[in-house]
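The values are calculated or read from the model by the stated rules, or taken from the named source; none is laboratory data. Remember, it's a predicted structure, so these values are computed and weren't measured experimentally. Please note: Cβ atoms are built from the backbone with ideal geometry, for glycine as well, and neighbour counts cover all protein chains shown.
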Amino acid sequence: MARTAFDPSQTDTVSPEKSSRALLRRLAYEAIQDVLISVGLRGLPIKDGESSQKTSQATSEDDSAPFPGWLVHNVPLIRLAPLYDSMLDHGYELELVSESSNIEEEYGNTGAAGGALMLAESLIRAVQLQQPVMVAEFEGINRFALGVSRPAAYNA
């Protein structure tokens, strides 16, 4: 029987920290795909039964799909590793040091206003850059929400 990092019977060989990171990476990959589809930056995945011509067209469209030019988040960079790895898995690279805003670092503990501040920051960056901006709001160890703000005149 093949074992995976998510197999509870394997806890003696996979540390809870690594298992948590792997789970977060998988969830981040799916969340990135879902949010990019939701805002029209990426097409729907092609089903197995569709023609190869449609598949090659969808692949070329996804390869050229733009990715947000900025990331707004609320955690230290080390906590962004699973999200960053998932972005790389999608074929997108963002320089986390120079192309992101950490709300907690810039403004301190914002409490309940953190979400609204992150939204405001993402809207300002989207207008400044004229590119979509991803928002990653983390809560606890394995909970996060992703969103994308984009300028009104932006054509994906």
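What the table shows:
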read-out	value
Count - residues of the stretch 1-51 that are within 22 Å of D85 (Cα to Cα), modelled with pLDDT of 50 or more and over 23 Å from the mean Cα position of the chain (by Cα)	1
L96 being at pLDDT below 95, in a loop (DSSP other than H, G, I, E, B) and aliphatic (A, V, I, L, M)	yes
Qualifying residues in the stretch 118-142 (those that are in contact with an Asp or Glu (Cβ under 9 Å, 6 or more places away or on another chain) and over 18 Å from E93 (Cα atoms)) - the one surrounded by the fewest Cβ atoms within 10 Å (Cβ to Cβ)	E121
Residue within the stretch 67-88 that is modelled with pLDDT under 85 and either buried (at least 16 other Cβ atoms within 10 Å of the Cβ) or out of contact with any Phe, Trp or Tyr (no Cβ under 9 Å at 6 or more places or on another chain) (or both) present	yes
Hits in the stretch 109-143 - residues which are part of a loop (DSSP other than H, G, I, E, B), over 15 Å from the mean Cα position of the chain (by Cα) and of a type in the set (S, T, N, Q)	N109, T110, Q130, Q131
